[in-house]
Amino acid sequence: MQLINAFPPRPITTEVELEATQTQINSILDRGRLTQDDQDYLKVLGMLVYEYEEKTEVFPRLTGVELLRALLDEMSLMPEDLVPIVGAESTVVEILNGMSQPTEIQVQQLAAFFRVSPQSLR
């Protein structure tokens, strides 16, 4: 109850409120050992942050080569890691540089490898 009284969980409507909520979350996490009440309170605050971000954050819709580059970056992979899928390093480089399009088979294999929809890689 002390946490709730000190910082009542409320829907977040501004960036200032978001920052205050994140500061509260960090201060609790910095304590180290968390009680069940701490964990429950953090879960509520986390849901409020998530709800606010879902309403306000604009995430770019990546497709094709842009998505492929982002997936490589996200997974800390290098272009040569795609050679077993695409067939040759030169082909990977051409695809990533937009000089050629992946074949339908390559799209299917890349989609399976990255666990995304083949449509998103076209």
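The values are calculated or read from the model by the stated rules, or taken from the named source; none is laboratory data. Quick caveat, the model's predicted, so the values are computed rather than measured. Heads up, the Cβs are rebuilt from the backbone with ideal geometry, glycines too, and the neighbour counts pull from every protein chain shown. Just so you know, the surface numbers come from the protein's heavy atoms only, side chains and all, with ligands and any DNA or RNA stripped out. Shrake-Rupley method; radii C 1.70, N 1.55, O 1.52, S 1.80 Å.
For a test of the definition: using alpha carbon positions, the gyration tensor, and the 1.5 limit on a/c, classify segment 62-122 as rounded, prolate or oblate.
rounded
Using a probe of 1.4 angstrom, how much of the accessible area of the chain is carbon and sulfur, in percent?
Here carbon and sulfur together make up 54 percent of the probe-accessible area.
Please state the charge dipole magnitude for the chain, taken about the Cα centre, from unit charges on C-beta atoms (+1 on K and R, -1 on D and E), reported in debye and rounded to the nearest 20.
In total the dipole reaches around 240 debye.
Any idea of the accessible area per residue across the chain, 1.4 Å probe, to the nearest Å²? Don't skip to the end; give the middle numbers.
Details: 8580 Å² over 122 residues.
That works out to 70 Å² for each residue.
Which value, in debye to the nearest 20, describes the size of the charge dipole of segment 67-122 about its Cα centre when Lys and Arg Cβ atoms bear +1, Asp and Glu Cβ atoms bear -1, and nothing else is charged?
It works out to roughly 220 debye.
Which residue, chosen from Val93, Met47, Val16, occupies the Cα position most advanced towards the positive end of the dipole of the chain, where the dipole is computed from +1 (Lys, Arg) and -1 (Asp, Glu) charges on Cβ about the Cα centre?
Sorting the options by dipole projection puts first Met47.
Quick one: check the C-alpha center-to-center distance for segment 12-34 versus segment 85-122, whole angstrom.
Centre-to-centre distance over Cα atoms comes out at 41 Å.
Which label belongs to the value computed from this structure, given these candidates for semi-axes √(5λ) of the Cα gyration tensor in Å: [x] 34, 14, 12; [y] 44, 16, 12; [z] 23, 15, 12?
[y]
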